[in-house]
1. Among the residues of segment 121-133, is there at least one that is modelled with pLDDT under 95, under 16 Å from the mean Cα position of the chain (by Cα) and more than 21 Å from GLY79 (Cβ to Cβ)?
2. Would you list the strands (runs of 3 or more DSSP E) that sit entirely within segment 85-155 and hold 2 or more residues that are within 21 Å of ASP26 (Cβ to Cβ) and touching a residue at least 24 places away in the same chain (Cβ under 8 Å)?
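The values are calculated or read from the model by the stated rules, or taken from the named source; none is laboratory data. Just so we're clear, the structure is a prediction, and the values are computed from it rather than from any experiment. Glycine also receives a Cβ, built like all others from the backbone with ideal geometry; neighbour counts cover every protein chain displayed.
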Amino acid sequence: MIRGLQDQDLNRVAEIWLSANLQAHDFIPVGYWKENFPAVKERLPQAEVYVYERESEEAAFNDLFPGSNEILGFIGLNGDYIEGIFVCEEARSMGVGRKLLEHAKKRKVKLSLNVYQKNIRAVRFYQREGFQIEREKTDENTGEKEYLMTWENRK
């Protein structure tokens, strides 16, 4: 089930944000993510955030998450811009990120995001989901090259 972020979700969502960034961006110093963690956690309640909450009927997750109502991932939006899609390690490649993206696509006519070039898995995911690379730039905070990618509903 996908629903809006609630106050009681904050610790779990922040934990997923940090662990996903550390795992997906091993080319960026760990300190960068840890230094930004408090600010991100503080801003989350003010953002447009949707969480993917596992329901007890979802058999695919029963072995990994025996309890129901476990948050497995989330998407953060700022208008038409995707701040990020983050999925806990155990639930990656199980459709959680795709479902969160589909949720955003139903609400927006177009979407854009930045993704690090070295995060090849994410670049391929977004391309599979219909995003196009618009341009290359350098993230001024990390010095890493990234792509601006866009998607538009053509229906």
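1. yes
2. Hits in segment 85-155: 110-116, 145-152.
Listed here are the residues, each with its yes/no results for (1) at pLDDT 95 or above; (2) among the charged types (D, E, K, R); (3) assigned to a loop (DSSP other than H, G, I, E, B).
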| site | (1), (2), (3) |
| --- | --- |
| GLU42 | no, yes, no |
| TYR52 | yes, no, no |
| LEU64 | no, no, yes |
| ASN69 | no, no, yes |
| GLY73 | yes, no, no |
| GLY76 | yes, no, no |
